Amino acid sequence: MATEAHEAAGAAGHSAGMPQLDTSTWDNQIFWLVVALVVIFLVLWRVALPRIGAVLAERSGTITNDLAAAEELKQKALAAEKAYNEALEKARVEAGRIVAEAKAEIQADLDKATAKADAEIAAKTAESEARIGEIRAGALESVTEVAKDTAKELVAALGGKADARSVTAAINARLKG
Amino acid sequence: MTDVAAEGEATGFAIHPMDQFIVKRFFCDPAHADCTSNIGAFEITNVTVWMAATVLAIIALMVFGSRGRAIIPSRIQSVGEMIYGFIYKMVEDVTGHDGVKYFPFVMTLFLFVLFSNLLGLIPMSFTTTSHVAVTVTLALSVFLFVTILGLVKNGIGFLGMFWVSSAPLALRPVLAVIEVISYFVRPVSHSIRLAGNLMAGHAVMKVFAGFASMAVISPVAVGAVTAIYGLELLVAVVQAYVFTILTCVYLKDAVGGAHH
């Protein structure tokens, strides 16, 4: 009973008011609060905030630099592509030119060869014609000869005396005729 | 309060929701000595210990967390950077570009309140920000800082903020009185809001925790304590945010000149 009463009294004493309003502890709280705030402020102001600020600035600088570098590389890539296309176009034109040149050269060679061949053919034809003419003339002559000889022999065989000149004239007339 | 305690005593369980707020000597055994009376200003109390814990937690996060200075941050570093960016942006947005030089001041207040609130949620801990002495000191330091800064920067023109030049001339004296009153009420609302929220939340949690000793309602009580703990976690962060953004708003009056 006595202990119960004591406890009740103790409990009542504890909860008699808000500890917040017990002004006897304020000086202690305020002193330690000021100490804590000063420590926090100095640590933040001198160490933490400049450091974090520097890290953030460095990071944003790095990102900006990387973006700039990427942009630069992109420009370079575009320039390289352009140069490549230009070179390709140039090469294409050059190739076309070379092809045309080669074609022209070949054509010229071909023309020259054709002309030479034509000339050769013409020469050969002329020669052949000459030969044919010769052969033909030779054959005609041979015919005349054979005819003269045959006519003389015939005249002789028939008992006549062959007059060479008249026989020849007769044969010539005959051959013409 | 006495009645509730007495009644609790009578029915076999006692709830002392305010006991958690008692300031006492830290190196002291309550069985042998009186730990709560005649506490000197420089004695080590539970206030000292939990403020030291707050300081150490802040140093751990902001100094040791960022010691790598990594371009690609570690987890702790990125939490520190997030808080830095959040408060920096708040200061810049609310007070304008000129207010940025007071960023360390605002950051100190935010981190102190945030970590005190959060550490206070550890069971058996002590919530320094639930004490009016602490929050009034914080709010008064903001009030004095802003007032003195405003007077130094803008001279007598700082008082122009009480003279609402956009209102009709006849109304201006009345408005000026209201403005002056609201200006001086600022530190009161600024401090009581924080201490009241924290104290009420912790007291309610303690009450529900006390109900948990009754077998019949203990499941409900435990569930309620869990739910209120979640709510208090939110309150701890939101109150730190509110305290900080109000500081920025007040700072704007001093930095941004007299225009409203």
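The values are calculated or read from the model by the stated rules, or taken from the named source; none is laboratory data. Note that the structure is predicted; figures quoted are calculated from it, not measured. Virtual Cβ from ideal backbone geometry, glycine too; neighbours counted across all protein chains shown. Only protein heavy atoms, including side chains, enter the accessible area calculation; ligands, DNA and RNA are left aside. Shrake-Rupley method; radii C 1.70, N 1.55, O 1.52, S 1.80 Å.
Per residue of peptide B:48-58, the mean number of Cβ atoms on other chains within 10 Å of the residue Cβ is 4. When each of the peptides B:145-152, B:191-198 is scored by the mean number of other C-beta atoms lying within 10 Å of its residues, the order from highest to lowest reads B:191-198, B:145-152. For the peptide A:49-59, the mean number of other protein chain Cβ atoms found within 10 angstrom of a residue's Cβ is 6.
Just to be sure I understand the model, the point goes 7 Å from the Cα along the line to the Cβ. What's the resulting A:Val143 to A:Val99 distance in nm? In this crude spin-label approximation the distance works out to 6.2 nm. Across B:Met161, B:Met205, B:Met124, mean-square fluctuation computed from a Gaussian network of chain B (C-alpha pairs under 10 Å connected) peaks at B:Met124. Can you give the calculated 222 nm mean residue ellipticity of chain B, where each DSSP H run of n ≥ 4 adds -39,500 (n - 2.57) and the sum is split over every residue, rounded to the nearest 500 deg cm²/dmol? For chain B, the value works out to -22000 deg cm²/dmol.
Each residue, B:Val63 and A:Leu88, gets one label point 7 Å from its Cα in the Cβ direction; the gap between the two is 6.3 nm. Normalising by the residue count of chain B, find the relative contact order in percent from Cα pairs under 8 Å and 6+ residues apart. Across chain B, relative contact order equals 26 percent.
When every Cα-Cα distance of the range B:116-233 is counted in 5 angstrom steps from zero, the calculated P(r) takes the values 2, 10, 14, 13, 12, 10, 9, 8, 7, 6, 4, 3, 1, 0 percent.
Using the alpha carbons alone, the radius of gyration of the protein assembly as shown stands to its Kirkwood radius in an Rg to Rh ratio of 1.86.
Solvent-accessible surface of the protein assembly as shown, taken per residue with a 1.4 Å probe and all protein chains present: 59 Å². Interface of B with A. Using a 1.4 Å probe and counting protein heavy atoms only, the two chains hide about 4100 Å² of accessible surface, both sides summed. What's the carbon and sulfur percent of the range A:26-108's accessible surface, probe 1.4 angstrom, rounded to a whole number? Answer for the range A:26-108: carbon and sulfur cover 68 percent of the accessible area.
Highest mobility in the GNM of chain B, judged by mean-square fluctuation with C-alpha springs under 10 Å and restricted to B:Lys206, B:Lys101, B:Lys89, is found for B:Lys101. A simple count of charges around B:Thr95, restricted to other residues whose Cβ falls under 15 Å of its Cβ and scoring Lys, Arg +1 and Asp, Glu -1, yields 0. For the range A:33-176, lysine pairs with C-alpha atoms less than 19 angstrom apart, excluding pairs fewer than eight positions apart on the same chain, total 9.
Listed by chain and number, the lysines placed with their C-alpha closer than 16 angstrom to that of B:Lys101 are B:Lys89, B:Lys153, B:Lys252; residues fewer than eight positions away on the same chain are left out. Considering only A:Thr114, A:Thr64, A:Thr23, give the residue with the highest GNM mean-square fluctuation for chain A, with springs between Cα atoms whenever their separation is below 10 Å. The residue with the greatest mean-square fluctuation here is A:Thr23.
Taking one equal scatterer on every alpha-carbon of the range B:2-255, how large is log10 of I(q)/I(0) by Debye at q = 0.09, 0.10, 0.11, 0.17 1/Å? Debye output, listed in q order: -0.54, -0.65, -0.76, -1.31.
Within the protein assembly as shown, the cysteines lacking any other cysteine Cβ closer than 4.7 Å to their own Cβ are B:Cys248. Pop out the carbon and sulfur fraction of the accessible area of the range B:21-151 as a percent, whole number, probe 1.4 Å. Result for the range B:21-151: 70 percent of the exposed heavy-atom area is carbon or sulfur.
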